[in-house]
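Colleague: I'd like to ask you about the structure that follows.
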Amino acid sequence: MQKNDIVRANVEEINNLGFGVAHVRDANGGRGQVMFVRGAVTGDVLDARIIKVNKSYLIAKIEKMITPSSLRVAEPLCGAVGCGGCVYQPIRYAHEADLKRDYVVNAFRKAGLSDVQVGELRHTGELTRYRNKAQYPVANGKTGMLAGFFATGTHRIVPMSDCCLQPTLFGEIVTYICQFCDRNGIRAYEEESRSGLLRHIYLRTGAQTGEVMVCLVINGEHFKGEDALARELMAHFPAVKSVMLNVNRENTNVVLGDDYRTIGGRDYIEDVLCGLTFRISAGAFYQVNHNACELLYGIARERAALTGKETVLDLYCGIGTIGLSMAKSAEKVIGIEIVEEAVTRAAENAARNGIENAYFYCGDASDAEKLLERAEAAHGDVSGATVIMDPPRKGSTPELITYLAKRNFSRIVYVSCNPDTLARDCVLFKELGYEIGEVTPVDMFPRTGHVESVVCLTRK
């Protein structure tokens, strides 16, 4: 096969990147090379134009739909094409739920754990407007600054201010900022020349409070007219309680730099989660789907099976959301987090909510042997604790897992945003003497290919 060849395809399945999977028939009519078709759905019959040829696979786009799948929805969620976000927006949600559960099942199967039970996908039923955070890259368009999202696998911006997963207010704020930049001659950052000032518009909101943070990521120390912009934003959008600058002058794909500066209002916003009030800073981790997060944490509490007598050891604790949500059911909560600012916020969040049995310490999970030194110096041996761990997408580390097993922690509740790394880590836990309970998938990110999971590991 060659680039621009057109072939008839029967789409067999859709993967979590939003590509339909088909096979090109070989010369003898047999099942030939695998082909990934962007935007295709399980059951589609279509003509596909090949856009990339690899030794082991082909990538194609839809040239002509012959027979659309019965799994397709009548109308897509939005008109944006190619942004790479809502990869499941062409299909019915019931099929999406099946796909996400299958993703978790297959991750454990590929890891050699096909005997692990995976429950039904849990979800809130909310499919749109659920995100409380958005990062909009910007570019210099022919008629002015434009904002949107990167097309799949590129740094080409698909212009779009109002995303169906974000609050409508986000789109209005982004449009206002772009217009302000046009009026004041402020240019968007250009990667090739490394010139221009504004790189990203980063927004956060409290789902329960309605408070909004605006953070401008800039290639410089100052933003022209920054004081005026902060005043205008807070006057025009009363929900805006914080306007920040983030300095990122590096030639990198990482969105945020290390330095923040407040130019209007506070350096945080507040939200209410699981009945507790949290202060959220620009750089702090906070789950992007409020209602699904409450569902997720509720499942984690069930798996922890606390009686009020346990110490909860909350690893990768961030600003303390999981641990503090369990504090009422535990004797004490000890949180460990590598980001010092998050540790400070976690302690503040405990005090703000009148929680006196939660303590937070800075520690690196990759330095497992020293991870609990400060906590145990203050509280004594914590070997009998119930462990809660919510690592980043890359999962935990062999060093930490081996250390937890060495310390003989009897109950570990693992919250994961990546089924593949969860399954990988569960292999090591099993080798070290832990039984793997039922895995519960939770849809934190409807219409996208991502899925969270919760599992309880118990010492044999």
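The values are calculated or read from the model by the stated rules, or taken from the named source; none is laboratory data. Remember, predicted model here, so these are calculated numbers, not experimental data. Neighbour counts are summed over all protein chains in view; Cβ atoms, including those assigned to glycine, are modelled from backbone coordinates with ideal geometry. In case anyone asks, the SASA skips ligands and DNA or RNA and just uses the protein heavy atoms, side chains included. Shrake-Rupley method; radii C 1.70, N 1.55, O 1.52, S 1.80 Å.
Colleague: Roughly how many nanometres apart are two label points built 7 Å out from the Cα toward the Cβ at Thr307 and Met1?
Modeller: Using points 7 Å along Cα→Cβ, the separation is 6.0 nm.
Colleague: Tyr57 to Glu172: FRET efficiency via 1/(1 + (r/R0)^6), r the Cβ-Cβ distance, R0 30 Å, to the nearest 0.05?
Modeller: Approximately 0.10, to the nearest 0.05.
Colleague: Once you sort the root eigenvalues of the Cα gyration tensor of region 1-151 as a ≥ b ≥ c, which label holds: rounded (a/c under 1.5), prolate (a/b larger than b/c) or oblate (the other case)?
Modeller: Note, shape of region 1-151 comes out oblate.
Colleague: In addition: Grab the Cα-Cα distance for His155 and Glu331, subtract it from 0.36 nm times how many residues apart they are, and report the gain in nm with one decimal. Don't jump to the answer; show the numbers that get you there.
Modeller: Numbers: separation 176, 0.36 × 176 = 63.36 nm, distance 4.93 nm.
So the extension gain works out to 58.4 nm.
Colleague: Show the residues, 5+ positions off or on another chain, whose built amide H is closer than 5 Å to the amide H of Glu63.
Modeller: Hits under the 5 Å cutoff: Asp47, Ala48, Arg49.
Colleague: Given points 7 Å out from each Cα along the Cα-Cβ axis, report the Arg109 to Ala94 separation in nanometres with one decimal.
Modeller: Simple spin-label model gives 2.2 nm for this pair.
Colleague: Whole-Hz Karplus ³J(HN,Hα) for region 397-403, in order, using 6.51 cos²θ - 1.76 cosθ + 1.60 and θ = phi - 60°, x for Gly and Pro?
Modeller: Residue by residue, region 397-403 yields 10, x, 4, 5, 4, 4, 5 Hz.
Colleague: May I ask you to list the trypsin sites (Lys or Arg not before Pro) in region 1-105 that are in a DSSP loop and have at most 12 other Cβ atoms within 10 Å of their Cβ?
Modeller: Lys3, Lys55
Colleague: Additional query: Heavy atoms of the protein only, probe of 1.4 Å, neighbouring chains included. What is the accessible area of Asp102 in Å², nearest 10?
Modeller: The accessible area comes out at roughly 70 Å².
Colleague: What nm value, rounded to one decimal, do you get for the distance between Glu376 and Val73 when each label is placed 7 Å out toward the C-beta?
Modeller: Result for the modelled spin labels: 5.1 nm.
Colleague: May I pose another question? Using a Förster distance of 30 angstrom, determine the FRET efficiency expected from the C-beta separation of Leu428 and Asp227, and round it to 0.05. Spell out each step's value before the answer.
Modeller: Values: r = 53 Å, r/R0 = 1.76.
Between Leu428 and Asp227 the formula returns 0.05.
Colleague: Would you please give the FRET efficiency between Asp364 and Ser410, computed as 1/(1 + (r/R0)^6) with r the Cβ-Cβ distance and R0 = 25 Å, to the nearest 0.05? Don't skip to the end; give the middle numbers.
Modeller: Values: r = 24 Å, r/R0 = 0.97.
That gives a FRET efficiency of 0.55.
Colleague: With a ≥ b ≥ c taken as the square roots of the eigenvalues of the C-alpha gyration tensor of region 365-422, please select rounded if a/c is under 1.5 and otherwise prolate if a/b is larger than b/c or oblate if it is not?
Modeller: It is prolate, given that a/c is not under 1.5 and a/b is the larger ratio.
Colleague: Right, another one. Amide H of Met145: which non-local residues (sequence gap of 5 or more, or other chain) have their own amide H closer than 5 Å, using H built in the peptide plane?
Modeller: Asp182
Colleague: Taking the solvent-accessible surface of protein heavy atoms with a 1.4 Å probe, what is the per residue accessible area of region 268-425 in Å²?
Modeller: I get 38 Å² per residue for region 268-425.
Colleague: Could you give me D for the chain, from Stokes-Einstein at 20 °C and 1.002 mPa s, where the hydrodynamic radius is the Kirkwood radius over C-alpha pairs? Units µm² s⁻¹, please.
Modeller: 89
Colleague: May I ask you to compute the full-extension gain from Leu17 to Lys142, defined as 0.36 nm times their residue separation minus their alpha-carbon distance, rounded to one decimal in nm?
Modeller: 41.9 nm
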